[in-house]
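Peer 1: Shown below is the structure under consideration.
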């Protein structure tokens, strides 16, 4: 660290990248999948049928269902079907049932009857994993937020290291081993740099109340005061204990449409249902605006249908914070923008992956003549394989389990998750037992098979394969199958590169060694 | 990479550990105190001042990290995060005392 500022930053970039790279790769890959959370869930629960959207009819069905099945509970939730979510989801507080005292049911949007869908966490598993890392609360959130900060640091130190950033962007030298990896790393990194900066900084904004609590404590004394100010919450009135029927929710929906014509409604909350003091709150769908908006909700008197209040307006500072949150989650994105998010997410995953491969590649060159790698380099190699191709296999394992586990199996959703981790563990063991290049090749080849065959498995097990989903216009289902197929082909290409013997390795090593003095500085 | 494999003296390794701790813990302290001072002192509504402090704190965490690895010695790294923290701590403490006498 005596060498000067750029070298010091290159050192920091290299070592933080190595230590956090494996975890960051997993966070980026599962986070990228989460942009298609609802579509993955739709694939994972093919029993839920898609119907034309009709919010008024859906509200009537939900209200009828809740009044006859949840009359004993005072607190209801309704999530309306949307372009992305097929089911009409209802829920109610019930201390005796459900997860955390809350019962949820998916209703068919046309018949209003509960759908007996297979028990699966679907896209929600990947979404949760990308910021909770399957760890107990709140440790996973802390660790993933630290990773996000390290990512931001990696971007800034990376920019400082490659100060000739635009010149380097136009330098891509394919087929040159180590050089090509560096060029690829830089080109992808620069191309999607604004996205990377946004996504890592916004993850900090999402969890800043948790990781930087000191100022909230100093200013408010506790977090509830801060949240009340931020979200403009207020308490529901006390139960009057006078039974009073709820007005039809469809009528309230019409009143919201008068306020904001064309507003899509995300969810509806009913407090003190069936009481004279009932309150109904309609919240606009987060698909309608880029920032989260605390003002986009309307509260009605449940007994009379009178509009009581709209959410409080946001200050400029709030809009800034809420915009970062909205940009990160991308709920506002339509299909094309969503695909762009997905592509950028994959690019971020690739930047992390190429960085890890390069770290090892540079150091392997020094040991090209030896038969065995030194222990610490071998450890990095094994972790690289397990964290990258192993994770890809684990994701495939989750989807295969979703189609192959018997629908009646007890704790089925948990077994899907267990399969994910067992496959990941098996990939780690495989990487330990096999030599590096073989392990890469074999895992990528298996991944290629597993993904390329998913559409076939889907067709055979549910009858909703591409031959059915494309004519029916079910693009979430068809899109999943086609993406799996594309990923299978990509993995097959990567596997074929790895399984072929490295042709000019001996010739290339000295050449690369010649360029390495300058690269050692930027190691 | 022989240099990183075996040839480094213990003192260098300890200095790296010391810098890392200065960045991780000292930097966090600095960032936290920046957010406290901004939350208490900015002439904005309470929630806006708190939000601004929270959002800017990470910029200072980042700068502290860069400082801790760019400066000439591990001692300077600690000094560079602890001195401003001390000043901010006094400032924040005074502001807190004014608001909650």
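The values are calculated or read from the model by the stated rules, or taken from the named source; none is laboratory data. Note that the structure is predicted; figures quoted are calculated from it, not measured. We place every Cβ from the backbone using ideal geometry, glycine too, and count neighbours over all the protein chains shown.
Peer 1: Confirm whether residue A:308 is out of contact with any strand residue (DSSP E or B) (no Cβ under 6 Å at 6 or more places or on another chain), at pLDDT below 95 and either buried (at least 19 other Cβ atoms within 10 Å of the Cβ) or over 19 Å from residue A:197 (Cβ atoms) (or both).
Peer 2: On the way: out of contact with any strand residue (DSSP E or B) (no Cβ under 6 Å at 6 or more places or on another chain): no; at pLDDT below 95: yes; either buried (at least 19 other Cβ atoms within 10 Å of the Cβ) or over 19 Å from residue A:197 (Cβ atoms) (or both): yes.
Taking the combined requirement at face value, the residue does not satisfy it.
Peer 1: I've got another one for you. Checking the conditions here, which among A:418, A:402 is free of Cβ contacts under 8 Å to residues at least 24 places away in the same chain, part of a helix (DSSP H, G or I) and under 22 Å from the mean Cα position of the chain (by Cα)?
Peer 2: A:418
Peer 1: Same structure, new question: Take the residues in the stretch B:36-46 that are without any contact (Cβ under 8 Å) to a residue 40 or more places away in the chain and crowded, with 23+ Cβ neighbours inside 10 Å; name whichever of them is nearest to the other protein chains (Cβ to nearest Cβ).
Peer 2: Ranking the qualifying residues of the stretch B:36-46, first place goes to B:39.
Peer 1: A further question follows. Is there a residue in the stretch A:324-337 that is assigned to a helix (DSSP H, G or I), within 13 Å of chain B (Cβ to nearest Cβ) and modelled with pLDDT of 95 or more?
Peer 2: Yes, there is a match, as at least one residue in the stretch A:324-337 is assigned to a helix (DSSP H, G or I), within 13 Å of chain B (Cβ to nearest Cβ) and modelled with pLDDT of 95 or more.
Peer 1: Name the one entry in A:52, A:71, A:62 that is without any contact (Cβ under 8 Å) to a residue 12 or more places away in the chain and either within 29 Å of the chain's Cα centre (by Cα) or assigned by TED's automatic domain parsing to the domain that holds residue A:268 (or both).
Peer 2: Details: A:71 fails: without any contact (Cβ under 8 Å) to a residue 12 or more places away in the chain; A:62 fails: without any contact (Cβ under 8 Å) to a residue 12 or more places away in the chain.
The match here is A:52.
Peer 1: Could you please find all residues in the stretch B:50-65 being without any contact (Cβ under 8 Å) to a residue 24 or more places away in the chain, touching a helix residue (DSSP H, G or I) at 6+ places or on another chain (Cβ under 8 Å) and more than 7 Å from chain A (Cβ to nearest Cβ)?
Peer 2: The one that is without any contact (Cβ under 8 Å) to a residue 24 or more places away in the chain, touching a helix residue (DSSP H, G or I) at 6+ places or on another chain (Cβ under 8 Å) and more than 7 Å from chain A (Cβ to nearest Cβ): B:56.
Peer 1: Would you mind stating whether residue A:78 is surrounded by 19 or more Cβ atoms within 10 Å (Cβ to Cβ) and assigned by TED's automatic domain parsing to the domain that holds residue A:267?
Peer 2: So residue A:78 passes the test.
Peer 1: Sort out which residues of the stretch A:35-75 are more than 29 Å from residue A:408 (Cβ to Cβ) and crowded, with 22+ Cβ neighbours inside 10 Å, and write them in order of number.
Peer 2: Across the stretch A:35-75, the qualifying residues are A:35, A:58, A:59, A:63.
Peer 1: If you check residue A:287 against the conditions, is it surrounded by fewer than 19 Cβ atoms within 10 Å (Cβ to Cβ) and in a helix (DSSP H, G or I)? Break it down into steps so the answer makes sense when it comes.
Peer 2: Values: surrounded by fewer than 19 Cβ atoms within 10 Å (Cβ to Cβ): yes; in a helix (DSSP H, G or I): no.
It is false that residue A:287 is surrounded by fewer than 19 Cβ atoms within 10 Å (Cβ to Cβ) and in a helix (DSSP H, G or I).
Peer 1: What is the one condition in (1) away from chain B (no Cβ under 14 Å); (2) crowded, with 18+ Cβ neighbours inside 10 Å that residue A:276 does not satisfy?
Peer 2: Against the list (1) away from chain B (no Cβ under 14 Å); (2) crowded, with 18+ Cβ neighbours inside 10 Å, residue A:276 comes up short only on (2).
Peer 1: Something else now. Do any residues in the stretch A:229-255 that are on the phi > 0 side of the Ramachandran plot have Cβ atoms under 7 Å from those of residues that are part of a loop (DSSP other than H, G, I, E, B) and surrounded by 12 or more Cβ atoms within 10 Å (Cβ to Cβ), where the two are at least six apart or on different chains, and which pairs are they?
Peer 2: If the second residue must be part of a loop (DSSP other than H, G, I, E, B) and surrounded by 12 or more Cβ atoms within 10 Å (Cβ to Cβ), the pairs left are A:232/A:294; A:232/A:311; A:232/A:312.
Peer 1: Follow-up question, since we're still on this one. Go through (1) in a helix (DSSP H, G or I); (2) more than 7 Å from every other protein chain (Cβ to nearest Cβ); (3) surrounded by fewer than 20 Cβ atoms within 10 Å (Cβ to Cβ) for residue B:72 and report which single condition fails.
Peer 2: Every condition holds for residue B:72 apart from (1).
Peer 1: Return the residues of the stretch A:43-69 that are outside any loop (DSSP other than H, G, I, E, B) and within 19 Å of residue A:479 (Cβ to Cβ); say none if nothing qualifies.
Peer 2: Scanning the stretch A:43-69 gives A:43, A:44.
Peer 1: Let me ask you something else. Looking for something within 14 Å of chain B (Cβ to nearest Cβ) and not in a loop (DSSP other than H, G, I, E, B) - is there at least one such residue anywhere in the stretch A:297-310? Walk me through it before giving the result.
Peer 2: Step one: list which residues in the stretch A:297-310 are within 14 Å of chain B (Cβ to nearest Cβ), which gives none.
No: zero hits.
Peer 1: If residue B:33 satisfies every condition in (1) facing chain A (nearest Cβ under 10 Å); (2) out of contact with any helix residue (DSSP H, G or I) (no Cβ under 7 Å at 6 or more places or on another chain) but one, which is the exception?
Peer 2: (2)
Peer 1: Return yes when residue A:88 is closer than 22 Å to residue A:480 by Cα, in contact with a helix residue (DSSP H, G or I) (Cβ under 6 Å, 6 or more places away or on another chain) and not assigned by TED's automatic domain parsing to the domain that holds residue A:477 and no when it is not.
Peer 2: The answer is yes for residue A:88.
Peer 1: Just one of the numbered conditions (1) modelled with pLDDT of 95 or more; (2) facing chain A (nearest Cβ under 9 Å); (3) under 30 Å from residue A:361 (Cα atoms) is not true of residue B:15; which one?
Peer 2: Tallying (1) modelled with pLDDT of 95 or more; (2) facing chain A (nearest Cβ under 9 Å); (3) under 30 Å from residue A:361 (Cα atoms), residue B:15 fails exactly one: (1).
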